[in-house]
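A short write-up of the structure that comes next.
The values are calculated or read from the model by the stated rules, or taken from the named source; none is laboratory data. Here the structure is a predicted model, which means the values were calculated and not measured. No Cβ is skipped: glycine too gets one built from the backbone with ideal geometry, and neighbour counts run over all protein chains shown.
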Amino acid sequence: MSAPLLQVEDLRVTYRAGRGTVAAVKGVSFELARGRCLGVVGESGSGKSSLARAILRLEDGVAGRVRFDGQDVRALKRPDLLAFRRRAQMVFQDPIGSLNPRLKVGSALAEVLRVHRLAKTRGAAAAQAASWLETVGLDADYAGRFPHELSGGQRQRVNLARALCVGAEFLIADEPVSALDVSVQAQILNLLKSLQERRGITWMLIGHDLAVMRHMADEVIVMKAGAVVERGAAADVLARPVHAYTKELLAAAPNVGRALDRRGSGPAVWD
Amino acid sequence: MKPTDLNGRVNGEADAVLTAAGLGVGFFAEDGRRLEVVGDVDLVLRAGRTTALVGESGCGKSITAAALGGLLPRGMALDRGEIRWADGAARGPGRGLTYVFQDPGECLDPVFTIGNQIRETLPPEERGRARERMEELLRTVGFEEPARVLASYPHQLSGGMQQRAMLAMALAGRPRVLVADEPTTALDVTVQAKILRLLADLQRAERLAVLLIAHNLGVVAEIADEVHVMYAGRIVESGPVDMLRQPRHPYVQGLLKALPRLDGSGRLEGIEGSVPPLGRRPAGCRFHPRCPLAREVCREKAPEMRACGEERAVACWACGEGGWA
């Protein structure tokens, strides 16, 4: 058994609020093996996004330890920090907010490649950009389009390509599909899954949709008010929750089959 | 005694509060050309019933809702079909029909107390006993300490409490129809469940006709009585909520299969492609480029809504008589 890619130990995030302080993350620990997907479940204010930002060193007021591939992330200095920034990245919920509206998709990717010195010439950058677009399921001719000409799902694909093109191995996806329509959400979730399987990407998936977690995550942690209240294999936790809060989340999640069963009976053909 | 089915659903036009027939909304470009945003929408909203309009973004559900109350954005006009109130009266928005929207934080004015904002929505004849009426409204939406809420500013309330306050405001004018446009989409799941329960209670207790706009089929299955699924500006399938068990239209089937499930894992069956934007809607059946069942006729001619079983209708060449599904 190889060492885990990510080890988080007693991580704490504290914000200043007025004269006092607020503890957003209150001592979270976990390990994540290479090529696995950890689901972080929680509602707003649970500290899940603060946790993500603290891991990627995007947050001040952090205490505790984060080890990535054996390195102490909080102690990294250039150029090791830049290497870490390439290997560990974040994908956000709102795909349009994280793309420059004035750059064509291909130029945006090529720029990232050039900044990180991964392509020597413009031509090489453009060629690499096109091939990354194909990796995420977009035809190479999308390189010539602006973000506003793309649908939400296509933009999310571009964001993934941008993270992958500089060599991301570990991705934190913060509600990556909650702004997308149902039919497109399924396409993107399938893409995330295949990136995990084919390219060995390690994921931390943040969200509130338990059914999405069931499909994507190997393990889950459930957070409430900055602390982990339940953890385990996704299949176990979601089928047999122990903590009252996890049970409440499960009961509250809208579910077509369960709702119809409660209101009248009869089997569903799509079941 | 009105005829009802096993679920206590009222048949026919009985209890109708508002009927919309053949509604069409056009978008007018600079050169005056009309693009159809939604078309051929038939709806019957009934007292004490929740009717849901479901679909993905760009399908026209919010535009249909906005058209009912005269809230269409600039450049669009309701220029086809008609809206009839069952009592024959004509009503402007705000009285007969009120709205609750997705983001209560954006609808509330941050510099006024909740009390100030509800007071403004009270009909003139009730302003004399405003305080009493406002506390009554807040109790109706589940607040146990109405006096404290009345004195609060919006930022002092949580998202769920803000949405309750919006509901209180919507009820102030004693509407017959409440349009709830994605009322729980911005809320956490545990809060969402409470607001949905409240909506269902209000609809029953106040005999409201609720039009629920939602993209989440789970939410719809929780509280809707009737469902209309829209695709690219048209209703493609209608029926009692039970129809979600056995939808006929390939789009509706695809939507349900695309949902991640708590007892499932592995790959999801999505629908290829995405909803076509306005101006790029294909000829024939608008779903045909994404439809696994499409044939020649689907590319050439748009299917109309046809009855298929009790109170159900579907617009699909492959379904029903002469179909191949």
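For the reader, a short list of remarks on this structure follows.
- Considering B:20, B:66, the condition of being touching a Leu at 6+ places or on another chain (Cβ under 8 Å), crowded, with 19+ Cβ neighbours inside 10 Å and either modelled with pLDDT of 95 or more or part of a strand (DSSP E or B) (or both) is satisfied by B:20 alone.
- When restricted to residues that are among the aliphatic types (A, V, I, L, M), modelled with pLDDT of 90 or more and either assigned to a loop (DSSP other than H, G, I, E, B) or crowded, with 17+ Cβ neighbours inside 10 Å (or both), the range B:273-325 contains 9.
The rows are residues; the columns are (1) touching a strand residue (DSSP E or B) at 6+ places or on another chain (Cβ under 8 Å); (2) of a type in the set (Gly, Ala, Ser); (3) not in a helix (DSSP H, G or I).
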residue	(1), (2), (3)
A:45	no, yes, yes
A:52	yes, yes, no
A:57	yes, no, yes
A:60	no, no, yes
A:65	yes, no, yes
A:96	no, no, yes
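- Subset of the range A:149-179 [of a type in the set (Asp, Glu), closer than 17 Å to residue A:97 by Cα and over 11 Å from the mean Cα position of the chain (by Cα)]: A:149
- Residue in the range B:152-169 that is in contact with an Asp or Glu (Cβ under 7 Å, 6 or more places away or on another chain) and not charged (D, E, K, R) present: no
- Among the candidates A:54, A:108, residue that is more than 27 Å from residue A:197 (Cβ to Cβ) and surrounded by 18 or more Cβ atoms within 10 Å (Cβ to Cβ): A:54
- Any hit, the range B:178-192, residues being within 14 Å of chain A (Cβ to nearest Cβ), touching a strand residue (DSSP E or B) at 6+ places or on another chain (Cβ under 7 Å) and either crowded, with 22+ Cβ neighbours inside 10 Å or within 25 Å of residue B:125 (Cβ to Cβ) (or both): yes
- Residue tally, condition within 11 Å of chain A (Cβ to nearest Cβ) and either among the polar types (S, T, N, Q) or in contact (Cβ under 8 Å) with a residue 40 or more places away in the chain (or both), over the range B:269-286: 4
- Here B:214, B:221, B:258, B:209 are screened, and the one residue that is farther than 22 Å from residue B:24 by Cα and within 17 Å of the chain's Cα centre (by Cα) is B:221.
- Within the range A:188-208, the set of residues being over 18 Å from residue A:34 (Cβ atoms) and surrounded by fewer than 20 Cβ atoms within 10 Å (Cβ to Cβ) comprises A:190, A:191.
- The condition (being of a type outside the set (Phe, Trp, Tyr), in contact with a strand residue (DSSP E or B) (Cβ under 8 Å, 6 or more places away or on another chain) and farther than 21 Å from residue A:255 by Cβ) is satisfied by just one residue among B:199, B:212, B:217, B:208: B:208.
- Restricting B:130, B:165 to residues that are over 17 Å from the mean Cα position of the chain (by Cα) and free of Cβ contacts under 8 Å to residues at least 40 places away in the same chain narrows the list to B:130.
- Residues (at the interface with chain A (Cβ under 7 Å from one of its Cβ atoms) and in contact (Cβ under 8 Å) with a residue 12 or more places away in the chain) located in the range B:242-268: B:242, B:244, B:254, B:255, B:256, B:257, B:258, B:259
- Residue pairs whose Cβ atoms lie under 6 Å apart, sitting 6 or more positions apart in sequence or on different chains, and linking a residue in the range A:142-160 that is away from every other protein chain (no Cβ under 14 Å) to a partner that is modelled with pLDDT under 90 and surrounded by 22 or more Cβ atoms within 10 Å (Cβ to Cβ), are A:159/A:95.
- Flag not set for residue B:229, criterion: crowded, with 20+ Cβ neighbours inside 10 Å, within 11 Å of the chain's Cα centre (by Cα), away from chain A (no Cβ under 14 Å) and in contact (Cβ under 8 Å) with a residue 60 or more places away in the chain.
- Scan of the range B:205-237 for residues that are in contact with an Asp or Glu (Cβ under 6 Å, 6 or more places away or on another chain) and under 19 Å from residue B:171 (Cα atoms), ordered by number: B:213
- Pair list, Cβ < 9 Å and 6+ apart or interchain, from the range B:291-303 residues that are under 13 Å from residue B:318 (Cβ atoms) to residues that are of a type in the set (Ser, Thr, Tyr): B:291/B:251
- Against the numbered list (1) surrounded by fewer than 23 Cβ atoms within 10 Å (Cβ to Cβ); (2) at the interface with chain B (Cβ under 10 Å from one of its Cβ atoms); (3) out of contact with any strand residue (DSSP E or B) (no Cβ under 6 Å at 6 or more places or on another chain); (4) in a helix (DSSP H, G or I), residue A:185 comes up short only at (1).
- Checking B:143, B:101 one by one, the residue that is crowded, with 16+ Cβ neighbours inside 10 Å and in contact with a Cys (Cβ under 8 Å, 6 or more places away or on another chain) is B:101 and no other.
- Qualifying residue in the range A:78-94 (condition: among the acidic types (Asp, Glu), farther than 22 Å from residue A:189 by Cβ and assigned to a helix (DSSP H, G or I)): yes
- Annotation: of all residues in the range A:67-77 being without any contact (Cβ under 8 Å) to a residue 60 or more places away in the chain and in a loop (DSSP other than H, G, I, E, B), the one that is farthest from the chain's Cα centre (by Cα) is A:77.
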